[in-house]
Every structure is written in structure tokens, then in C-alpha cells.
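Asks: The structure follows.
The numbers here are math on the coordinates, done by the rules we state, and not lab data. No experiment lies behind these values; they were computed from the predicted model shown. Cβ placement follows ideal geometry from the backbone for every residue including glycine, while neighbour counts extend to all protein chains displayed.
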Amino acid sequence: MRSDAQKYKLVSDIQILMQWYYILIIVIGALLFAILSLVVWYMNYISPYPTGKVSDNISVIKTGIVNCYVYSKGSKRILIDTGTSTKKLLKGLATIGIEPESISNVFLTHSDPDHIGGISLFSHAKRNIGEKSKVKNPEKYQFLDDGEITDVNGIKIHAISTPGHRLGHTAYIIDEEFLFTGDALRLKKGEVQPFLRIISSDFEKQKRTIEMLAELDNISILFTAHNGFTTNFDKAIENWKKVKRKD
Ligand SMILES: [Zn+2]
């Protein structure tokens with residue numbers, strides 16, 4: 001037979017255990033809610049376009065969370081960014097029927113791992129990146145100045161310094177009408193917004209960069225790294241123009 005003291009101790013032990021049990025359930029619930037909220041937010045924020053053709057001379061490749069782009073003219077091919085990994089980039093290139101060896105030049109918007117992940121497939125190619133970018137093995141790269149124009153057998157690639165997300169971030173205007181912006185900005189429901197503030201090197205600079213891009217004329221397609229592209233550049237970026245057009 002248990003004494004009253006033993007019975008009391010047993011009851012109080014059970015009560016303490018129950019308290020911990022409830023606390024544990026609340027903590028796990030809060031953690032699950034936080035993870036779920038993060039996933040929902042992330043799914044809304046990141047929306048890369050599926051691998052395929054954009055036009056006769058432009059293809060998009062989805063490597064996980066990132067888009068990179070192949071631009072072709074005749075037999076010449078260049079690549080803008082290399083995605084998250086060699087494996088995913090190879091798979092994407094195979095889907096659109098392109099051999100990595102057929103790409104002669106790679107233009108990187110910046111050197112974050114999700115943009116430079118497939119670079120090792122291009123030891124045969126010329127690798128180009130913005131002048132202030134930091135890369136491993138810099139001797140393997142050509143660093144482009146702001147405004148520098150590269151001609152790849154008739155493909156005209158105009159490098160524009162677009163600091164903010166990263167200091168050396170560079171966008172490219174190809175053949176004077178296709179603007180590849182990497183992580184300089186994002187698209188949300190067809191409108192330009194700055195890309196993720198918490199991972200931006202200088203968020204104010206990022207906004208100035210978007211204002212500068214808003215002054216560009218004759219852009220037919222605006223491409224991003226994480227939200228696909230839009231064929232309505234003027235409308236997408238109109239809120240960033242310093243002087244709104246009257247026409
Ligand atoms: Zn990125």
C-alpha cells in the first residue's frame with residue numbers, strides 16, 4: 001500500500017510531466033507553423049520558368065530555383081548564368097537539345113552559388129563577369145566594365161553595372177532589346193520589385209539600379225533569374241520611372 005505522501009508525489013510528478021508535454025506540443029506546433037509559413041512565402045517569392053523555348057533564338061533553363069538562358073544566333077550560342085549545379089544544367093541543356101560544348105561564351109550576372117553552380121562545364125568557353133565580382137580562379141574570367149560591349153560573332157552583349165543585390169552585379173542587354181537582369185530585380189504579377197532585401201548587399205543601391213534600368217528604351221523582353229520573364233517591359237517597370245511618360 002502506498003502512503004499518502006507517495007500518492008501525492010506520484011500525482012505531482014504526473015502533473016509536471018503533463019506540463020512539459022503541453023509545452024513540447026506548443027513548441028513543435030509553433031515550429032511547424034513557422035516552417036510552413038516560410039515554405040508558402042518562398043513558393044510565392046520564387047517562381048522560375050520551366051525549361052523550354054522563349055523565342056526562336058532564346059531558351060530558358062530551370063535549374064531548381066533559378067533560370068538561366070541560352071541565346072543563339074546562327075551557329076553561335078551564349079549562356080547567361082549557369083544555375084545551381086552542373087547536373088541540373090546538363091539536364092536542362094539536354095531537354096532543349098544543346099551540348100555545353102556548343103556554347104562559346106558564358107555571361108554571369110554575379111557569382112552567387114545559384115548562378116555559378118554549372119560553370120565547370122565551360123572550361124572551353126570564355127567566361128565573362130562584372131568587373132567588381134569576386135570569383136574563384138579569377139584568371140579564368142574576363143571582367144567587364146560598366147557599358148562594355150562584347151561582340152560574339154554578331155551577337156552584341158552590352159554589360160551594365162547593376163549594383164545592389166551584389167556590388168559587382170551586372171545585367172546584360174543583348175542585341176539592344178533583350179535585358180537579362182539576374183537578381184537585380186524580381187517580377188511579381190508582371191511588376192518589377194527589388195529582389196529580396198535581407199540578402200541584398202545594399203538595398204538602396206538596388207532601388208537606384210532599378211530606377212536606372214527603368215530609363216532604358218526599346219527593351220522587348222525582360223528576363224529575371226528567379227521569376228521568369230515578361231514581354232511587357234514598359235508596363236512592368238513604369239512605377240520606377242523618375243519622370244513618367246505622358247504618351
Ligand atoms: Zn539568385
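Asks: Given points 7 Å out from each Cα along the Cα-Cβ axis, report the residue 120 to residue 18 separation in nanometres with one decimal.
Replies: Going from the residue 120 label point to the residue 18 one covers 5.8 nm.
Asks: Next up: Which pairs, out of 76/205; 62/156; 207/235; 134/189, put more than 27 Å between their alpha-carbon atoms?
Replies: Distance filter (> 27 Å) returns 76/205; 134/189.
Asks: Related question: What base-10 log of the normalised intensity I(q)/I(0) is obtained for segment 1-45 from the Debye formula, alpha carbons as equal point scatterers, at q = 0.17, 0.28, 0.31, 0.32 Å⁻¹?
Replies: One equal scatterer on each Cα of segment 1-45 leads to -0.62, -0.89, -0.95, -0.98.
Asks: OK, next. Quick one: angle between helix 4-45 and the longest Cα principal axis of the chain, in degrees between 0 and 90, rounded to 10, please.
Replies: So the helix axis and the longest Cα principal axis differ by about 10 degrees.
Asks: How many nm separate the modelled label positions at residue 91 and residue 27, each set 7 Å beyond the Cα in the direction of the Cβ?
Replies: Roughly 3.7 nm, to one decimal.
Asks: Over the chain, what is the mean sequence separation of C-alpha contacts under 8 Å (at least six apart), divided by residue count, expressed as relative contact order in percent?
Replies: Rounded, it is 13 percent for the chain.
Asks: Quick one: among 130, 147, 97, which has the greatest mean-square fluctuation in a GNM of the chain with alpha-carbon springs under 10 angstrom?
Replies: Among 130, 147, 97, the largest GNM mean-square fluctuation belongs to 97.
Asks: Now for a separate question. Just to be sure I understand the model, the point goes 7 Å from the Cα along the line to the Cβ. What's the resulting residue 9 to residue 41 distance in nm?
Replies: Reported label-point gap for residue 9 and residue 41 is 4.9 nm.
Asks: Set the Förster radius R0 to 22 Å, insert the Cβ-Cβ distance between residue 215 and residue 149 as r into 1/(1 + (r/R0)^6), and round the FRET efficiency to 0.05.
Replies: 0.75
Asks: Additional query: For the charge dipole of the chain, defined by +1 on Lys and Arg C-beta atoms and -1 on Asp and Glu C-beta atoms about the Cα centroid, which residue among 239, 59, 95 has the Cα displaced farthest towards the positive pole?
Replies: Checking the options against the dipole of the chain, the answer is 95.
Asks: How far, in degrees from 0 to 90, does helix 86-95 lean away from the longest principal axis of the Cα atoms of the chain, to the nearest 10?
Replies: Helix 86-95 sits at roughly 60 degrees to that axis.
Asks: For 40, 135, what's the fewest-to-most ordering of other Cβ within 10 Å of each Cβ?
Replies: The fewest-first ordering by Cβ neighbours comes to 40, 135.
Asks: Next question. So what J values fall out for segment 199-216 if you push phi through Karplus, 6.51 cos²θ - 1.76 cosθ + 1.60 with θ = phi - 60°, rounded to Hz, Gly and Pro as x?
Replies: My calculation for segment 199-216 gives 10, 8, 5, 8, 5, 5, 4, 4, 5, 4, 4, 5, 4, 5, 5, 5, 8, 5 Hz in order.
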